[in-house]
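Laboratory data are not the source of any read-out in this text; all were calculated from the coordinates shown. What you see is a predicted model, and the numbers here were worked out from it, not measured in a lab. Here the Cβ positions follow ideal geometry from the backbone for every residue, glycine too, while neighbour counts run over all protein chains shown.
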Amino acid sequence: MSVVTVQLGQCGNQVAHELFDVVCSDTQKKPSRAASCERFFHHSTHGELVARAVLIDMEPKVINQSVSRAAKCGRWRYGEDSHFSQKQGSGNNWANGYCVHGPRHRDVMEELVRREVERCDRLAGLLAMMSVAGGTGSGVGAYVTQCLRDVYPTTFILNHLTWPYRTGEVIVQNYNSVLTLAHLYQLSDAILVHENDTVHGICSQLLNIKHISFSDINKVIAHQLGSVLQPALTADSHGVYSRNPLGELVSALACHPEYKLLSMCTIPQMPSSSIAYSTFSWPGLLKHLRQMLISNTKMEEGIDWQVRPPAGSGRSTSLTGSSFNTSLANLLILRGKDVYSAETGGFEDPALYTSWLSSKEAFSLWKSPVSFNKYEKSATLVSNSQALLSPLDDMVGKAWNMFASRAYIHQYMKYGISEEDFLDSFTSLEQVISSYRQLC
Amino acid sequence: CRFWDLALREHAHVNKKGLYDEALSSFFQNAVLVDMEEGVVNEILQGPLREVFDSTQLLTDVSGSGNNWAVGHMTYGSAYREQIVDKLRKAAEHCDCLQCFFLIHSMGGGTGSGLGTSVLSLLEEEFPDVCRIVTSIYPSAEDDVITSPYNSVLAMRELTEHADCVLPVENQSLVDIVNKIKVMSHSAKPGSVIKRDSTVISGQGGISGSEKPFDAMNNIVANLLLNITSSARFEGSLNMDLNEIAMNLVPFPRLHYLVSSLTPLYTLADVSVPTRRLDQMFSDAFSKDHQLIRADPKHSLYLACALMVRGNVQVSDLRRNIERLRPSLPFVSWNQEGWKTGLCSVPPVGHSHSLLALANNTCVKPTFMELRERFTKLYRKKAHLHHYLHVEGMEQSFFSEAINSLNSLIEEYHQLDATKARLIPDAPRLSIAT
């Protein structure tokens, strides 16, 4: 089954490129190769691997760079006519992306996606990749997601979002983020989030990279996403790899319309030079991963081992700021050697989860004996939990403060977004925050 | 003129194969040169840049504006309106996509100030959706044009109402920077030899040969423009184009005056660039000696700040420096993390990296207040007023409206300054019924 990726804006295009790169290199000589290829690429008439992707940006430089870089690498490339760009950019203005560029180019963009979808024998779903801080990824991305929902009402649509550094990449990033999230929440089946701050931490503390570039950041994101989307076997797939990863993911994790935010962490993450000298055991990896989940630490460094799940019944909501991270649902993906001997009981502990889902329903497990991307054993946990509550709350809080003084609002109103639209978005997100906060 | 000179040099450096590539040619076709006396434009046409411009891009008259804003704005503004619109439309048609208008002028004279602001309103009328960024050269206190305060205040009103973004530049600051570089290059300390062609004022290696008096100062302004447009012309991991500048740096429509600073001013000849020097570049961007107007942003209030980095600088360097400098910079309460950043891979010629900082900061207030003072000194005595009132279409109300506009602008900045000391609590959040 195939996934069609829609790459939006500079970030979306740069990250998606790394994803195709990782998936392609990982695909080379493994039993799941056919399924993996099928999932992300189609074969051209000359037998080359062509990514199942649509590239969209409102200015041309990033797409041009991406397309030529892929063509040069010789292992895979983008389709010649799979991209659409304009010249002037969206100026970091969500309203410009959503109200002007989106509608103006709707037909062209829909056509590009349609072509890609028709090339798939069986469509698993659509993956839209974008950032929330700028104007195109966020604004055009929200508009395109809406169009896709209209055109493909029964298809799985996942949005992968990159959240910006908390200390500014774009001054109006919080406005753009709030508007994007509020709109996507109604349209998307699940929202996978990576935060630049977290990934930056992984690069500096785990990978020991001295001068971190966006390329390093994007590679880590791609590694984590790749470890989720590469073929794996679920409990009832009977050795057949080509299941629908997007559908399985959504049904495992996003069972309630109010709870769609998914975070992920992968273990181990270390510099490539160290991998050869390290040995991994499943018990060790899983123990760390579990504690990372519980204490809401997104990497193996600085895990707080003091945090425990609350004992017994009579749990209260985490208003007092207890550091325990309650999960709604978890998906654990194990790849590599001896994967069938891995003991995952620790993740089925009901204490980890909210009371209204049994731990049997809340926990899902995928396995693949095929190792992923140089790591002999690796485990990825995709969670629907309170992990994103704090960054979300921070983002909304800052946006609200700025809104209180009406700063920059005239820039959005110029393109058709009113104060009411802002208020609606704030209200939706406060609702999401409240729901996650109440999780117990 | 220096701008085109240096832009050519920058692109030539990058593009070994030839001088004219796609991005470059689109850039050059789209200039319109206007002057009401012929001397300067003729010089350009006789110089080595004559190939770059053709006659349809030029508009000149013979006698100049006599340092009189009214003559520039009213007389020439109406006389040449059609021709100007025509030339602009032609230039616009050459563009695949018109992103923004750059207006470059001085405030103190008659043509740049008067006709320049007339063109500005014209742009707003004819091309309302296209961003207008204006680089205005403000006169120093010791300016030799007596009526420069009148011209400047009259022009300022137009800028406040019709420009999207203004980058004020003061001649005195440019002089100070030029002098600082000259001192550095003559000091000849061991280990501090300045690389050839690498100062922000150097034009050598550009097309024109000789350096004339204002050349060094104009080079700085040219570099400013080069850096602002670099992300639109070259690739980078975090692009920042001109529309984004206006979007991020202008929280309220009238408060669109941005203080700019360029670093480094020169590159020392030793090749390796330790992190310390890179960090020094960031620190310098906020020092009052590097600002292009006489102002000290660190002691006023930041509404927003943009950092455009060029060259071999990564996001981690950028983040480290923002974190380091942030505590010492006062930001307005609702924009505590008000940073806009851009990373362009191609550095300016002669440097391995450079930084342009654009700040929306209340430190422009003193500059405006001084201007108001100089204006008032003349206006109180009605000095030279008759030269203006004699011009057809000009009335006294223009003066009073202009000074009112300036007054209220200063007041708006003042209100913001007043919030600096106060601790503003967070706005109470919407509460959801549970």
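In what order do A:T180, B:T367, B:T229 fall by count of nearby beta-carbon atoms within 10 Å, going from fewest to most?
Lowest to highest Cβ neighbour count: B:T367, B:T229, A:T180.
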Using only the alpha carbons of region A:390-438, determine the length spanned along each of the three principal axes and report them from longest to shortest in whole angstroms. 37, 16, 13
Pick from A:G97, A:G79, A:G346: which is most flexible by mean-square fluctuation in a GNM of chain A where alpha carbon atoms under 10 Å apart are linked? A:G346
Determine the gain in length on full extension of the stretch B:K298-B:A141; use 0.36 nm per residue of separation and subtract their C-alpha separation, reporting nm with one decimal. 54.2 nm
Length-normalised contact order of chain A in % [C-alpha pairs under 8 Å, at least 6 apart]: 16 percent
Subtracting the Cα-Cα distance from 0.36 nm times the residue separation, let me have the gained length for A:S390 to A:K374 in nm, one decimal. 2.5 nm
Output the relative contact order of region B:272-403, whole-number percent, from Cα pairs under 8 angstrom with separation of 6+ residues. 30 percent
Dividing the convex hull volume of the Cα atoms of the protein assembly as shown by its residue count, what figure in Å³ per residue is obtained? 175 Å³
Separation of region A:237-299 and region B:321-373 by C-alpha centroid, Å? 41 Å
What do you get for trypsin sites (Lys or Arg not before Pro) in region B:365-434 restricted to DSSP loop and a cutoff of at most 11 other Cβ within 10 Å of the site's Cβ? B:K381, B:K382, B:R422
Measuring from a point 7 Å past the Cα of B:K382 along Cα-to-C-beta, which residues in region B:126-158 have an amide N at less than 18 Å? B:150
For B:C131, list long-range residues whose amide hydrogen, built 1.01 Å from N in the peptide plane, is under 5 Å from its own amide hydrogen. B:F101
For region A:265-386, shape from the Cα gyration tensor axes a ≥ b ≥ c, cut at a/c of 1.5 then a/b versus b/c, turns out prolate
Using a Förster distance of 30 Å, the FRET efficiency for B:A421-A:L423 (Cβ separation, nearest 0.05): 0.45
Neighbouring partner chain Cβ atoms per residue of B:240-246, average, 10 Å criterion: 6
Contour minus end-to-end for A:S359 and A:R115, with contour as 0.36 nm per residue of separation and end-to-end as the Cα-Cα distance? 83.7 nm
Which of the three applies to region A:132-256, rounded, prolate or oblate, going by the alpha-carbon gyration tensor with a ≥ b ≥ c and a/c under 1.5 meaning rounded? oblate
Sequence-distant residues sharing a close amide H with A:F372 (under 5 Å, placed H): A:S378
Tell me the trypsin sites (Lys or Arg not before Pro) within region A:208-263 that lie in a loop according to DSSP and have at most 15 other beta-carbon atoms within 10 Å. A:K210
How would B:Y302, A:Y259, A:Y340, A:Y175 line up from fewest to most surrounding beta-carbon atoms within 10 angstrom? A:Y340, A:Y259, B:Y302, A:Y175
Residues of region B:156-185 with amide N under 18 Å of the 7 Å Cα→Cβ point at B:N404: B:156-162
Can you tell me the mean projection area, over all orientations, of the convex hull of region A:2-263's alpha carbons? Units nm², please. 14.0 nm²
Who wins for biggest fluctuation among A:R149, A:R104, A:R52 in a Gaussian network model of chain A, springs between alpha carbons below 10 Å? A:R104
Please give the FRET efficiency for A:S25 paired with B:A92, using the beta carbon to beta carbon distance and R0 = 60 Å, rounded to the nearest 0.05. 0.80
Can you check what the Kirkwood hydrodynamic radius comes to for region B:368-417, Cα pairs only, in Å to one decimal? 12.0 Å
Which of A:H46, A:H238, A:H83 fluctuates most in a GNM of chain A (C-alpha springs under 10 Å)? That residue is A:H46
Average other protein chain Cβ within 10 Å of Cβ, residues B:313-323: 5
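Taking 25 Å as the cut-off for C-alpha to C-alpha distance, list the pairs among A:K87/A:K210; A:K414/B:K288; A:K87/B:K90 that go past it.
Values: A:K87/A:K210 35 Å; A:K414/B:K288 35 Å; A:K87/B:K90 19 Å.
As for pairs spanning more than 25 Å Cα to Cα, those are A:K87/A:K210; A:K414/B:K288.
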Which log10 I(q)/I(0) values does chain A give at q = 0.07, 0.09, 0.12 Å⁻¹ under the Debye formula, counting every alpha carbon as one identical point scatterer? -0.32, -0.54, -1.00
Share (percent) of C-alpha pair distances in region A:110-170 greater than 13 Å works out to 66 percent
Square roots of five times the C-alpha gyration tensor eigenvalues of region B:96-141, ordered largest first and given in whole Å, equal 23, 11, 7
So for the pair A:S44, A:D304, with labels modelled 7 Å out along Cα→Cβ, what separation do we get in nm? 5.2 nm
